[in-house]
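See structure below.
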Amino acid sequence: MAVAAAIAAQGVVQLAHAGAGWGDNLDFNGRPIKVPTFYANSPTGLRTNYDPTPGATAQVDSGTALRKFVDGLPGLTAAGANNLGQYLPLAVADTTSFVDSDYYELAVVEYGEKMHSDLPKPTTLRGYVQIETPANAAVSKHFPLAYPDGSPILDAAGNQVYAVDKPHYLGPVVLASKGRAVRFKFSNYLPKGGFDPLTGRRNGDLFLPVDTTLLGAARDPVGDMYPQNRATIHLHGGDAPWISDGTPYQWITPYGERKLAADPATWWIGASTRNVPDMPDPGEGAQTFYYPNNQSARLMFYHDHASGLTRVNVYGGEAAGYVLLDNTEAKLIAKGVIPPISDMIPLVIQDKTFVPKDIVQQDARWDTARWGDYGDLWFPHVYETNQDPNSFDGTNPVGRWDYGPWFWPIFPAPEGLPTGVFGDASTTPEAFMDTPVVNGTAYPTLSVQPKA
């Protein structure tokens, strides 16, 4: 009983309100203190305010709580659209430009899409779209692409760029067949340049914290910062030749970014970027890919892989499905061994955190001018240590990761711990967000027939 009482008492003193801006600890002399935390939670409505500042209100509004099961699950094509207008578009294959391959022209763009009815606005995202060409014009929705500021996206010739469909999270899904190759022409239509302090526009800077100390995300060989609008495509699980693997140094920047560089010869394209030799040169701001598809049926996905940006680019939306079909699977379906494709429901499960309304209280180091605002995506950027040499027992109850200089055995670190503010953001070993997202919708619902 005494042990149980001691544990219970300690639990009261050491209670950690991680994610609410503050936690409880004991100082070196054993006196209760408040310690800050910078790990935000998605909006949950009114919550207790743990701010120790004199005069702070008892409650703070974190924004409208995200209700569960009020929005439908996005399905395939416009026929599977949910109440928010979300769905997973299917890419339209061009089977005539290359006799031996299905051909697609894709691009990465920045856009917004509502991911839950209770979010205040469309969430800012970056993702893929299929570009309209003469081969798919008959089925295209002729959607004019635009930058976040509303200005039209133009190609290298100065013409308005149209998409087959408007940008949708996790799209467009590519259907491929074993033994028939797929070819991509991929264009980077992200905004150019960086943050403009006069207008407050981010331009090509990412809306998530970037750790510029990571390899390939800091300075190029002449000392300029690598831009944050770098992108490529990696087919995850595919059998691509190395020139089409989309490795971390096979990225490209948008057409025109080269002119903004202090040394145009270095930082506008990745050192390993190569195009497919039997395809036309796509020009600046674009690249080509070739996938043989000599594999069995499977679900894969293609995503960004740019050095120093992969984790945040993919979290921010640069990923889409790639379904490979084969005759073996077709025979199993024909025999009734496995369900037909029409009965299959794609489920892409992810975890996200959305910037709350009280982000200043929950994460005082989050920069809403440089990163996301209320309703956008939140991502950890402060390395909160499990250790605290100033506490009574050397621990930090709101910490999440070990820190070598404060751990045993001590691991020396020549540099100080990053603060997490813009320009000094830190990557983290791992992060688990608080909101399940399926096919791009938070807490979706789907009604199905009771059949097996």
Calculated FRET value between ARG298 and ALA364, using beta carbons and R₀ = 41 Å, to 0.05 = 0.35
Helix 2-13 versus the longest principal axis of the chain: what angle, 0 to 90°, nearest 10, using Cα atoms?
-> 70
Excluding residues fewer than 8 places away in the same chain, name every one of the lysines whose C-alpha is closer than 21 Å to that of LYS352.
-> LYS68, LYS114, LYS121
With no solvent term and unit scatterers on the alpha-carbon positions of the range 13-85, Debye gives log₁₀ I(q)/I(0) at q = 0.17, 0.22, 0.24 Å⁻¹ of -0.75, -1.00, -1.10
So what are the radius of gyration and Dmax for the Cα set of the range 214-355, in Å?
-> 18.7, 63
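If you stretched the chain out fully between ALA146 and ILE338, how much longer would it get, using 0.36 nm times the residue separation minus the C-alpha to C-alpha distance?
Extra length available between ALA146 and ILE338 comes to 64.8 nm.
Where in the chain is the longest stretch that carries no GluC sites (Glu not before Pro) classed as loop by DSSP and with at most 10 other Cβ atoms within 10 Å? Write down the numbers at each step before the final one.
Numbers: sites that count: GLU415, GLU430.
Segment 1-414 is the longest.
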At R0 = 56 Å, FRET efficiency that the Cβ-Cβ distance of ASN29 and THR96 yields, to 0.05 = 0.10
Projected label distance in nm at ARG67 and THR395, using a 7 Å step from Cα toward the beta-carbon | 4.0
Placing +1 on each Lys and Arg Cβ and -1 on each Asp and Glu Cβ in the chain, then taking the dipole about the Cα centre, the residue among PRO412, ILE338, SER307 whose Cα reaches farthest towards the positive end is ILE338
So how strong a dipole does the range 133-254 carry about its Cα centre when Lys and Arg Cβ are +1 and Asp and Glu Cβ are -1, to the nearest 20 debye?
-> 420
So what's the chain giving for Rg/Rh, alpha carbon basis, Kirkwood Rh from the mean inverse pair distance?
-> 1.01
Can you give the Rg to Rh ratio of the range 273-407, both from alpha-carbon atoms, with Rh computed by the Kirkwood formula?
-> 1.14
Would you work out if the range 73-169 is rounded, prolate or oblate? Take a ≥ b ≥ c from the square roots of the eigenvalues of the alpha-carbon gyration tensor; rounded if a/c is under 1.5, else prolate when a/b is larger than b/c, oblate otherwise.
-> oblate
DSSP-loop trypsin sites (Lys or Arg not before Pro) across the range 316-414, with at most 13 other Cβ within 10 angstrom = LYS335
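R0 = 41 Å: FRET efficiency of LEU198 with ASP281, Cβ-based, nearest 0.05? Please list the in-between numbers first.
Values: r = 37 Å, r/R0 = 0.90.
The value I calculate is 0.65.
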Nearest-20 debye value, the chain charge dipole, Cβ charges on Lys, Arg, Asp, Glu | 880
Where a label projected 7 Å from the Cα of ASN327 along Cα→Cβ would reach, residues of the range 273-301 with amide N under 18 Å = 293-298
Using only the alpha carbons of the range 336-452, determine the length spanned along each of the three principal axes and report them from longest to shortest in whole angstroms.
-> 63, 37, 26
When the C-alpha atoms of the range 143-203 are aligned to their principal axes, what extent does each axis show, in angstrom, from largest down?
-> 53, 24, 18
Evaluate the distance, in nm, between pseudo-label points positioned 7 Å from the Cα of GLU430 and of HIS236 along their respective Cα→Cβ axes.
-> 1.6
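Read-outs: derived from the displayed coordinates by stated rules, not from any lab. Not measured: the values here are computed from a predicted model. Ideal geometry is used to build each Cβ from the backbone, glycine not excepted, and the neighbour counts take in all protein chains shown.
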